[in-house]
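Student: Okay, here's the structure, questions in a sec.
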Amino acid sequence: MTVRRLSAGLMAAALLTPGAAACTTTGDGTAGSTATPSATASATAVEADSDAKQALLNSTREIGNGNFRFRMSGAGSTAEGQVHQPSQSAELRISIGEPTDDLAMALDLVHAKPDSWVKLELSGAAAASVPGRDKLNLGKYQHLDQSRIQGDRNLGFDFDQVDPAGSEVLTQAVTEVRRTGEGAYAGTIDVSKAAGAGSLDPGLITALGAQADSVPFTAALDGQGRLTELVLQIPGAGGTDAQEIRVTYSDYGNATAANKPPADQVVEAPPELYNLFD
């Protein structure tokens, strides 16, 4: 089985540099624009778009400080929790599939350096066929071997790249953006340049083909210019229906240290757990 990947990631992208309006000297020696009204309006629009792009890029800076709560949703999956860089800890609750599906999965992940734990619940008619299910549905937290989950986009967490959604990667891949209201923006993203974003499945990007170049998005910023919501409208592709991926951020600077599970609620993770995510 393949589990939707939810993790942090970074990818560099070139920024657009707006061109300056052309000017010449008039006969009286003063500077005068040779641009027509329509050209002037176009230049203004370019400058406005550039300002909007920069506002989006700036909006993800506070995320990098690693003190926030978040929520992601899309394609029947949700992930929510908090990151608290000051204590090198994070909590994530992930739900994959609906209770009515043949197979659904819920994970409660806790990371507190240098340890990680996961509580797993498999449900649905097909859950009984999952190898080692009796060793997985224990109702307890399973202590994870860091050497087994390092670099794992499902079970691991990288405190050098603290955003599970990868919004910095996504904003760097914006190809067109305009301001639509106070703290509101809309445009398109080339998601083929954002494969490292944890909110996107690389397989989905591949399936989009040429459509990956211009995926519509909307974004909202708070009064301090910090990203509070990013919504991608993913078109149907590869036999999958169109879907909406929504990411929200809140409580900047007000997250708390993760609660480590009590010792009597912890067991060591069996090989079957790691095999499930291979």
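FYI, it's all coordinate maths here, none of it is from the lab. Worth saying up front: this structure is predicted, and the values here are computed from it rather than measured. Cβ: placed from backbone, ideal geometry, glycine included. Neighbour counts: every protein chain shown.
Student: Going Cα to Cα from Lys119, which lysines come in below 27 Å? Please leave out same-chain ones fewer than 8 positions away.
Tutor: Lys135, Lys140, Lys260
Student: Check which residues have an amide H placed less than 5 Å from Ala126's amide H, if you skip close sequence neighbours.
Tutor: Result for Ala126 returns Leu103.
Student: Now a separate question. If amide hydrogens are placed 1.01 Å from N in the peptide plane, which non-local residues have theirs closer than 5 Å to the one on Asp163?
Tutor: Those qualifying (amide H under 5 Å, at least 5 residues apart or on another chain) are Gly9.
Student: Next up: Taking 0.36 nm per intervening residue step and subtracting the Cα-Cα distance, what contour gain separates Ala128 from Asn259 on full extension? Please list the in-between numbers first.
Tutor: Values: separation 131, 0.36 × 131 = 47.16 nm, distance 3.09 nm.
Computed gain between Ala128 and Asn259 is 44.1 nm.
Student: Then there is this: Given a cut-off of under 8 Å on Cα pairs at least six residues apart, what relative contact order in percent is computed for the range 164-250? Could you put the intermediate results ahead of the total?
Tutor: Working: 165 pairs, mean separation 20.5, N = 87.
The normalised contact order for the range 164-250 reaches 24 percent.
Student: With a 10 Å Cβ neighbour count serving as the proxy for reagent exposure, in which order, fewest first, do Glu272, Glu182, Glu168, Glu62 appear? Provide the component values of the computation, followed by the final result.
Tutor: On the way: Glu272 14, Glu182 8, Glu168 26, Glu62 18.
Going from sparsest to densest Cβ surroundings: Glu182, Glu272, Glu62, Glu168.
Student: Shifting gears a bit: Cross-link candidates for Lys53: which lysines have Cα within less than 24 Å, leaving aside residues fewer than 8 places away along the same chain?
Tutor: Reachable lysines: Lys193.
Student: Please quote Rg/Rh for the range 152-200 to two decimal places, taking the Kirkwood radius as Rh and restricting both calculations to Cα atoms.
Tutor: Numbers: Rg = 13.0 Å, Rh = 12.1 Å.
Taking Rh as the inverse mean 1/r over Cα pairs, Rg/Rh reads 1.07.
Student: Could you work out how far apart the two model spin labels at Gln85 and Ala186 are, taking each label as a point 7 Å from the Cα in the direction of the beta carbon, and quote it in nm?
Tutor: Simple spin-label model gives 3.3 nm for this pair.
Student: Give me the one-decimal Kirkwood hydrodynamic radius in Å for the range 164-250, with the sum taken over alpha-carbon pairs.
Tutor: Values: mean 1/r = 0.0768 Å⁻¹.
Evaluated over the range 164-250, this radius sits at 13.0 Å.
Student: So if R0 is 25 Å, what FRET efficiency would Gln224 and Arg246 give, r being the distance between their Cβ atoms, rounded to the nearest 0.05? Don't jump to the answer; show the numbers that get you there.
Tutor: Numbers: r = 21 Å, r/R0 = 0.85.
Plugging the Cβ-Cβ distance into 1/(1 + (r/R0)^6) gives 0.75.
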